[in-house]
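The values are calculated or read from the model by the stated rules, or taken from the named source; none is laboratory data. Given the structure is predicted, the values throughout are model-derived calculations rather than measurements. Counting neighbours? That spans all protein chains shown, and the Cβs are built from the backbone with ideal geometry, glycine included. Only protein heavy atoms, including side chains, enter the accessible area calculation; ligands, DNA and RNA are left aside. Shrake-Rupley method; radii C 1.70, N 1.55, O 1.52, S 1.80 Å.
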Amino acid sequence: MSSEQQLKLFEVFVRSKRGLDHKHVGSLHAEDAEQALEYARDCYTRRSEGVSLWVVNSSDIVSSQEEDAESFYDPMDDKPYRHATHYQLPDAVNNM
Amino acid sequence: MTQFKLNEQQLEAAFQARVDAEQKIEPKDWMPETYRKNLIRQMSQHAHSEVIGMQPEGNWISRAPTLRRKMVLLAKVQDEGGHALYLYSATETLGVTRDELIEALHDGRAKYASIFNYPSLSWADIGAIGWLVDGAAIVNQITLQRTSYGPYARSMVRICKEESFHQRQGYESLIVLANGSPEQKAMAQDALNRWWWPALMMFGPHDAESAHSAQSMKWKIKRKSNDELRQAFIDQTMPQIEFLGLTVPDPDMKWNEQRGSYDHGELDWDEFQRVINGDGPCNRDRIEHHKKAHAEGEWVRDALRAYESKKRQRLAA
Ligand SMILES: [Fe+2]
Ligand SMILES: [Fe+2]
Ligand SMILES: [Fe+2]
């Protein structure tokens with residue numbers, strides 16, 4: 001199969017248990033979304049690892065770049081006051 | 001795409017069995033229409049509270065006494081905007097749009113926590129809000145981490161993690177005032193006097209009078225009753241008041257040795273009804289301000305849409 005004919009790539013997310021978030025587990029090639037769901041079932045939940053599957057076109061995922069992490073996240077680094085531990089309370093009332 | 005093979009009654013039985021088994025309900029599951037409506041009401045009310053709650057605190061950002069307090073307050077108010085976003089998005093998984101939710105807020109069909117209809121008159125109020133208002137919200141929200149609707153429960157987990165800084169920064173700033181000059185201590189006491197009862201009202205009417213309680217408990221949307229939550233809040237807060245050296249504005253407050261809990265005076269339910277029904281000190285201001293901010297932000301949304309369609313045209317060309 002030439003690369004032009006290659007099937008589309010899908011990212012697969014599994015919800016392992018009701019109440020939990022779907023978690024990314026891997027990807028696979030499929031003709032369309034429905035087929036991707038069936039493949040995902042066969043590939044990623046053979047041991048009943050999940051109660052629900054999501055498949056998403058890989059090309060639809062927009063990602064931040066790790067090389068940009070510094071400028072992307074830098075503004076957060078000097079704000080320790082966003083954390084509860086920044087506020088030191090006396091032991092008598094420290095359980096809040 | 002989802003097709004259900006069972007009839008309505010069987011679906012409802014299966015739904016309740018799932019809830020009883022402490023399993024979460026997820027967006028694509030079948031659910032009774034009243035469960036969906038009830039959730040939309042409660043979750044959007046919660047989202048509106050986060051967003052309207054930014055107003056009394058925002059009122060003091062430019063007047064915070066130090067740069068540190070200003071940065072802290074700014075960070076807290078920013079968090080509340082974020083909480084509203086988590087909650088609006090979770091509500092939208094129930095098939096309602098953001099526009100519909102905002103419209104219901106603007107025309108008064110949707111409510112928000114009545115406490116945000118009280119004014120923040122002094123700097124000490126900012127400490128009292130973080131300590132008491134966020135404190136009361138946390139007591140409620142901790143139980144909602146176990147609510148039956150998955151997206152709501154998960155947003156509560158995230159919110160609770162962020163809330164604890166809100167309460168601690170408020171209490172920390174009250175420690176400073178309570179140990180300051182006599183005027184500062186009086187300011188702290190005054191703030192406690194004004195915020196105490198409205199904070200207790202945040203838990204809603206007595207269980208017997210609560211319109212939605214019984215059904216919400218059966219569906220495990222609510223996990224603890226209004227009175228249980230209120231009592232838990234009082235019991236945890238009394239030692240904190242004592243530590244500050246302040247006095248709770250309730251002459252009937254008394255430790256009950258037998259119950260291992262505080263007995264307290266009756267709330268002013270007439271005031272509660274008045275504020276809920278639109279006649280609190282700031283109800284009109286809060287909604288007017290929200291409408292104004294929403295209208296003034298329209299050009300940003302217009303610009304985003306124009307940019308998006310221009311990009312699409314360029315791509316098509
Ligand atoms: Fe919040
Ligand atoms: Fe909240
Ligand atoms: Fe908060």
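Quick notes on this one:
- Working note: Karplus 6.51/-1.76/1.60 with θ = phi - 60° gives region A:19-28 the couplings x, 9, 5, 5, 10, 5, 10, x, 9, 7 Hz, where Gly and Pro are set to x.
- When each of B:K28/B:K161; B:K111/B:K254; B:K24/B:K161; B:K111/B:K291 is checked by Cα-Cα distance, pairs over 22 Å: B:K28/B:K161; B:K111/B:K254
- Overall shape of region B:101-202 was characterised from the C-alpha gyration tensor. The equivalent ellipsoid obtained from it has semi-axes of 29, 18, 10 Å, in decreasing order.
- Calculated mean residue ellipticity, 222 nm, chain A: -6500 deg cm²/dmol, from DSSP H runs (n ≥ 4) at -39500 (n - 2.57) each, averaged per residue and rounded to 500.
- Placing R0 at 35 angstrom, the Cβ-Cβ distance between A:D77 and A:D21 gives a FRET efficiency of 0.85 after rounding to 0.05.
- Model label points for B:R146 and A:E49, set 7 angstrom from Cα along the Cα-to-Cβ axis, are 3.1 nm apart.
- Each Lys and Arg contributes +1 and each Asp and Glu -1, all at the Cβ; summed about the Cα centre of the protein assembly as shown, the dipole is approximately 520 debye.
- Here the relative contact order of chain B, from alpha carbon pairs under 8 Å that lie six or more residues apart, stands at 18 percent.
- Structural descriptor for region A:3-82: relative contact order 32 percent, calculated from alpha carbon pairs under 8 angstrom and at least 6 residues apart.
- Compactness of chain A as Cα Rg over 2.2 N^0.38 Å, two decimals: 1.69
- Projecting the alpha carbon convex hull of chain B along each direction and taking the average yields 20.6 nm².
- Applying a DSSP loop filter and a limit of 13 other Cβ atoms within 10 Å to the GluC sites (Glu not before Pro) in region B:266-317 leaves B:E266.
- Contour excess over end-to-end distance, with Cα ends at B:R312 and B:E296 and 0.36 nm allotted per residue: 3.1 nm
- Against chain A, whose longest principal axis comes from its Cα atoms, helix A:33-44 is set at around 70 degrees.
- Region B:144-188 residues near the modelled B:S89 label - backbone nitrogen below 13 Å, point 7 Å along Cα→Cβ: B:151-152, B:154-156, B:158-159
- Two-site FRET efficiency, B:N179 against B:M253, from Cβ-Cβ distance with R₀ of 22 Å, rounded to 0.05: 0.45
- For the protein assembly as shown: span of alpha carbons on each principal axis (Å, largest first): 83, 53, 44
- Counts of other chain beta carbons within 10 angstrom of each beta carbon in peptide B:161-171 average 4.
- Max mean-square fluctuation residue, GNM over chain B, Cα-Cα springs under 10 Å, options B:V300, B:V19, B:V139: B:V300
- Label-to-label distance, B:D107 versus A:E66, with points set 7 angstrom from Cα along the beta-carbon direction: 5.2 nm.
- Considering helices alone, the calculated mean residue ellipticity of chain B at 222 nm is -21000 deg cm²/dmol, with DSSP H runs of length four and up weighted by -39500 (n - 2.57) and normalised per residue.
- Shielding by partners for peptide A:80-86, expressed as the average number of C-beta atoms from other protein chains within 10 Å of each residue's C-beta, is 6.
- Qualifying GluC sites (Glu not before Pro) in region B:1-50, where qualification requires a DSSP coil assignment and no more than 14 other C-beta atoms within 10 Å, comprise B:E22.
- Lys/Arg +1, Asp/Glu -1 at C-beta; the protein assembly as shown dipole; positive extreme among B:S216, B:M54, A:L53: A:L53
- Of B:S164, A:S63, B:S213, the order by accessible heavy-atom surface (1.4 Å probe, DNA, RNA and ligands excluded), from most exposed downward, is A:S63, B:S164, B:S213.
- Only Lys, Arg (+1) and Asp, Glu (-1) charged, at Cβ; chain A dipole about Cα centre in debye: 740 debye
- Per-residue accessible area (protein heavy atoms, 1.4 Å probe) orders B:R168, B:R68 as B:R68, B:R168, starting from the largest.
- Treating r as the C-beta distance of B:L11 and A:L9 and R0 as 35 Å, the FRET efficiency rounds to 0.45.
- Full extension of the chain between B:R98 and B:M71 gives 6.7 nm of extra length, using 0.36 nm per residue less the Cα-Cα distance.
- B:L11 accessible area, 1.4 Å probe, all protein chains in place, Å² to nearest 10: 20 Å²
- Label point at A:Q88 placed 7 Å out along Cα→Cβ; residues across region B:41-73 whose backbone nitrogen lies under 19 Å: B:68-69, B:72
- Shielding of peptide B:24-37 by partners, expressed as the average count of other chain Cβ atoms within 10 Å per residue Cβ, is 1.
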